[in-house]
Amino acid sequence: MKTLLQIDASVRKTDNPVHKYNSISKSIAQSFIRSWMDRGIDTNIIQRDVGVNPPDFITNDWIAAVFTAEEVRTEEQKSLLALSDSLIDELVQADIIVISSPMYNYGMPAALKAWFDQIIRINKTFTFDLARGITP
Ligand SMILES: Cc1cc2nc3c(=O)[nH]c(=O)nc-3n(C[C@H](O)[C@H](O)[C@H](O)COP(=O)(O)O)c2cc1C
């Protein structure tokens, strides 16, 4: 069994009932996933539409919680990191990650950047060690 994590970032939907301005990037992701499923590989799909349901932006308190050792985090700090924990959990389960995104004003949508900010977490999804050296 494979797990495919689908992250969609357009604020538009694919089945707008009132107008025809549907998301192209989401259609492309759907088309890729249909082709993948046609190959007959047993696949569990986790869908996260960050365009329609944007993750929270990280905050001053969020960063303080991240840098607080897990064993001494307060209940408030744990709840501040709960969304990040769930998003990382989805990422860790994934064998395949499909990200569909429009370009908004020469960059990724803010909601997709918010997703990256939530999942790129020190000692969880990356580490750094000054002993490995720093670039001057
Ligand atoms: C607010 C906004 C800003 C955009 N900025 C850019 C841009 O900087 N460069 C570009 O090539 N396309 C830009 N586009 C076009 C979108 O990337 C394009 O319409 C894309 O298909 C939108 O994705 P969607 O169809 O999945 O909603 C912009 C569209 C919108 C609505």
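The values are calculated or read from the model by the stated rules, or taken from the named source; none is laboratory data. Just so you know, these numbers come straight off a predicted model, no measurement behind them. Cβ atoms come from the backbone with ideal geometry, glycine included; neighbour counts cover every protein chain shown. Quick note on the areas: whole protein, heavy atoms, side chains included, nothing else; ligands and nucleic acids left out. Shrake-Rupley method; radii C 1.70, N 1.55, O 1.52, S 1.80 Å.
Couple of notes before you dig in:
- All lysines inside 24 Å of Lys124 as judged from Cα atoms, apart from same-chain residues fewer than 8 positions distant: Lys2, Lys78, Lys113
- Where trypsin sites (Lys or Arg not before Pro) fall in DSSP loop in segment 17-57, at most 16 other Cβ within 10 Å: Lys20, Arg39
- Kirkwood hydrodynamic radius of segment 2-132, from the reciprocal of the average inverse Cα-Cα distance over all distinct pairs: 16.5 Å.
- Accessible surface of the chain, 1.4 Å probe, proportion on carbon and sulfur as whole %: 55
- DSSP-defined antiparallel bridges as percent of all bridges, the chain, nearest 5: 5
- Here segment 97-132 is scanned for amide nitrogen atoms under 16 Å from the site 7 Å beyond the Cα of Phe57 along Cα-to-Cβ, giving 108-118.
- Here is how the number arises for the chain: DSSP H runs of 4 or more residues each give -39500 (n - 2.57), the sum is divided by the residue count, and the result at 222 nm is -11000 deg cm²/dmol.
- Rounded accessible area of Thr68 (nearest 10 Å², 1.4 Å probe): 30
- Using the 1.4 Å probe convention, the accessible area of the chain works out to 67 Å² per residue with neighbouring protein chains retained.
- The residue list Asn60, Tyr106, Ile119 was ranked by how far each Cα lies along the charge dipole of the chain toward its positive end, using unit charges on Cβ atoms, and Tyr106 comes out on top.
- Sorting 122-130, 3-11, 98-106 by average packing, meaning the other beta carbons within 10 Å per residue, from highest down gives 3-11, 98-106, 122-130.
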